[in-house]
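*Asks:* Input: one structure, supplied below.
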Amino acid sequence: MKFLVINGVNLNMTGVREKDVYGAKTLDEINAEIAAHFKADKIEFYQSNIEGELCAKIQSAAKGGYDGIVLNAGAFTHYSYAIRDAIAAIQTPVVEVHMSNVHAREEFRHKSVISEVCRGVICGFNKNSYILAIESFKL
Ligand code: DQA
């Protein structure tokens with residue numbers, strides 16, 4: 001199968017920022033672990049801090065032949081109607097992911113404006129949130 005893992009704003013700082021929340025591994029290390037876990041699949045990775053670039057990537061993914069998209073939009077999750085509309089505009093299913101348990105954190109993180117247009121949401125399992133999200137497409 002073929003998947004696209006998209007990380008949004010500040011996720012490039014994983015392993016550097018708030019290690020108590022997001023762990024000590026860098027995003028490259030996490031991506032390598034995901035790829036190793038799903039050796040038989042083709043997994044592409046993309047990260048951007050820019051909302052419009054994330055929307056463009058989601059739009060173009062519609063033509064990429066992916067079986068699913070895993071999206072950790074970072075803080076954009078909580079307020080980006082543009083990313084919400086980009087997800088709604090494509091047929092490819094998207095699973096929303098968060099490494100931390102956003103519901104156990106500050107109140108502003110409890111609200112996601114993208115969940116409604118995603119197939120499902122996985123949060124709180126650190127890097128394994130991505131692995132669980134990819135697994136969900138195989139059920
Ligand atoms: C996050 C949770 C968001 O609230 C936060 O802004 C992030 C990371 C997570 O993976 O837990 O940047 O999406």
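The values are calculated or read from the model by the stated rules, or taken from the named source; none is laboratory data. Owing to the predicted nature of the structure, the values given are computational and were not obtained by experimental measurement. Positions of Cβ are backbone-derived with ideal geometry, glycine not excepted, and every protein chain shown enters the neighbour counts. For accessibility, only protein heavy atoms count, side chains too; no ligands or nucleic acids. Shrake-Rupley method; radii C 1.70, N 1.55, O 1.52, S 1.80 Å.
*Asks:* Are there trypsin sites (Lys or Arg not before Pro) in the stretch 75-139 that DSSP marks as loop and that have at most 11 other Cβ atoms within 10 Å, and which are they? Please list the in-between numbers first.
*Replies:* Working: sites: R84, R105, R109, K111, R119, K127, K138; in loops: R105, K111, R119, K127, K138.
Within the stretch 75-139, the qualifying trypsin sites (Lys or Arg not before Pro) (loop, at most 11 other Cβ atoms within 10 Å) are K111, K138.
*Asks:* Hey, any idea what % of the chain's accessible area is carbon plus sulfur with a 1.4 Å probe? Kindly include the intermediate steps, with their values, before the conclusion.
*Replies:* On the way: 3520 of 6810 Å².
Answer for the chain: carbon and sulfur cover 52 percent of the accessible area.
*Asks:* With a ≥ b ≥ c taken as the square roots of the eigenvalues of the C-alpha gyration tensor of the stretch 1-54, please select rounded if a/c is under 1.5 and otherwise prolate if a/b is larger than b/c or oblate if it is not?
*Replies:* Details: a/c = 3.44, a/b = 1.25, b/c = 2.75.
In terms of gyration-tensor shape, oblate.
*Asks:* Here is a follow-up. Below 29 Å, Cα to Cα, which lysines can K111 reach? Residues fewer than 8 away in the same chain don't count.
*Replies:* The reachable lysines, counting only those whose Cα sits under 29 Å from K111, are K19, K25, K57, K127, K138.
*Asks:* Right, here's the next one. Add -39500 (n - 2.57) for each DSSP H run of 4 or more in the chain, then divide by its residues: what number comes out at 222 nm, to the nearest 500 deg cm²/dmol?
*Replies:* Values: 5 runs with 44 residues, N = 139.
Helix-only estimate at 222 nm: -9000 deg cm²/dmol.
*Asks:* Tell me, Kirkwood radius of the stretch 53-109 from alpha-carbon pair distances, in Å?
*Replies:* Numbers: mean 1/r = 0.0824 Å⁻¹.
It is 12.1 Å.
*Asks:* Identify, among Q91, C118, S136, the residue whose Cα sits farthest towards the positive end of the charge dipole of the stretch 77-139, taking +1 on the Cβ of Lys and Arg and -1 on the Cβ of Asp and Glu, with the dipole about the Cα centre.
*Replies:* S136
*Asks:* Okay, next question. Please compute the Kirkwood hydrodynamic radius of the stretch 28-79 from all pairs of different C-alpha atoms, in Å with one decimal.
*Replies:* Values: mean 1/r = 0.0802 Å⁻¹.
Computed over the stretch 28-79, the radius equals 12.5 Å.
*Asks:* Taking amide hydrogens as modeled 1.01 Å from N in the peptide plane, which residues meet the under 5 Å criterion relative to I43, leaving out close sequence neighbours?
*Replies:* Under 5 Å from the amide H of I43 lie the amide H atoms of F3, each far enough along the sequence or on another chain.
*Asks:* In addition: Which whole-Hz ³J(HN,Hα) couplings does the stretch 129-137 yield from phi under the Karplus relation 6.51 cos²θ - 1.76 cosθ + 1.60, θ = phi - 60°, glycine and proline marked x?
*Replies:* My calculation for the stretch 129-137 gives 4, 5, 5, 5, 5, 5, 4, 4, 6 Hz in order.
*Asks:* Here's another thing I want to ask about it. Name the long-range amide H neighbours of T14: under 5 Å, sequence gap of 5 or more, or other chain; modelled H, no Pro or chain starts.
*Replies:* Here the answer is L27, since their amide H atoms fall under 5 Å of that of T14.
*Asks:* Give me the percent relative contact order of the chain, please, defined on Cα pairs under 8 angstrom at least 6 residues apart.
*Replies:* Numbers: 250 pairs, mean separation 36.9, N = 139.
So the answer I get is 27 percent.
*Asks:* Report the GluC sites (Glu not before Pro) located in the stretch 29-114 that are in a DSSP loop and have at most 11 other Cβ atoms inside 10 Å of their Cβ, or state none. Don't skip to the end; give the middle numbers.
*Replies:* Values: sites: E29, E33, E44, E51, E53, E96, E106, E107; in loops: E106.
Sites meeting the loop and neighbour criteria: E106.
*Asks:* Between S60 and E18, what length comes free when the chain is fully extended (0.36 nm per residue of separation minus the Cα-Cα distance, one decimal in nm)?
*Replies:* Values: separation 42, 0.36 × 42 = 15.12 nm, distance 3.19 nm.
Extra length from S60 to E18 when fully extended: 11.9 nm.
*Asks:* Can I ask one more? Shape of the stretch 72-139 from its Cα gyration tensor (a ≥ b ≥ c, root eigenvalues): rounded if a/c is under 1.5, otherwise prolate when a/b > b/c, or oblate?
*Replies:* Details: a/c = 2.34, a/b = 1.03, b/c = 2.28.
Because a/c hits 1.5 or more and a/b fails to exceed b/c, the stretch 72-139 counts as oblate.
*Asks:* Right, something else. Leaving out ligands and nucleic acids, note down the accessible area per residue over the stretch 23-139 with a 1.4 angstrom probe, in whole Å².
*Replies:* Computed with neighbouring chains in place, this is 50 Å² per residue.
*Asks:* For the chain, what value does the Rg/Rh ratio take when both radii are computed over Cα atoms and Rh is the Kirkwood radius, given to two decimals?
*Replies:* Values: Rg = 13.7 Å, Rh = 14.8 Å.
Expressed as Rg/Rh, it is 0.92.
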